[in-house]
């Protein structure tokens, strides 16, 4: 399925920004004229389950969403689906999400700011060609279900805060920015996480968390 291939494929695009969604739809429809592209904002009811049960050739998901973090959506999707490849897209530098997306079951990550690379990645991901360091959907699904989870007693929001803590450290402003919450709320979440996991301070929390593969709820 090359860039100019006329074979029909089904693409699920998850992008909450209306302007970005419009531009991406235009690019996808122009490049893959026989493809069916279904666009979602990420706010639809039961979206993850619906997409996981459908017969898409590839899911293209923005990492910056309203109701989910991108990695959180990816992990939830991969738990339910062991065959459809998922490609993450972002406006930020790829290293911001690359490590966590590998753990959350994606097959690749590409910048929205590089249209040619994005379109090539959509075509190759639909053919089950995974990017370096990522795994095939079945293996990613298996690994996700088998992975020892650190935060089984944490709420979904606390698990997300813990992931962001592993990225940003004790930077409540950065955590709050990603989750659209006040930095003080982020600090309170970290306090609750420490209490539930029985660690004395944030240094110990990082040490304990780094010994486990973290999985978003």
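Here, each number is a calculation from the coordinates, and none is a lab measurement. The model shown is predicted, which means the values in this text are computed figures rather than measured ones. Glycine gets a Cβ as well: all are built from the backbone with ideal geometry, and neighbour counts include every protein chain shown.
What is the Cα centroid distance between region 93-116 and region 23-55, reported in whole angstrom? Result: 18 Å between the Cα centres.
Put in line by how crowded their Cβ is, counting other Cβ atoms within 10 Å and starting with the fewest, 114, 158 read 114, 158.
Does region 10-146 classify as rounded, prolate or oblate by the C-alpha gyration tensor (a ≥ b ≥ c root eigenvalues; a/c under 1.5 gives rounded; else a/b over b/c gives prolate, otherwise oblate)? Note, shape of region 10-146 comes out rounded. Computed over region 46-203, relative contact order equals 18 percent, with contacts defined as Cα pairs under 8 Å that lie 6+ residues apart.
Counted by neighbouring Cβ atoms within 10 Å, the residues 78, 10, 50, 195 run from fewest to most as 195, 50, 10, 78. If R0 is 22 Å, the Cβ-Cβ spacing of residue 95 and residue 30 corresponds to a FRET efficiency of close to 0.15.
Output the 0 to 90 degree angle, nearest 10, between the alpha-carbon long axis of helix 183-197 and the longest principal axis computed from the alpha carbons of the chain. That works out to roughly 70 degrees. The length gained on full extension between residue 128 and residue 113, counted as 0.36 nm times the residue separation minus their Cα-Cα distance, comes to 3.1 nm. Put in line by how crowded their Cβ is, counting other Cβ atoms within 10 Å and starting with the fewest, 48, 14 read 48, 14.
Considering only beta bridges that DSSP places wholly inside region 33-180, some 10 percent are antiparallel. For the chain, the longest principal axis of the Cα atoms and the long axis of helix 156-168 meet at an angle of about 90 degrees. Against the empirical curve 2.2 N^0.38 Å, the C-alpha radius of gyration of region 156-210 lands at a ratio of 0.99.
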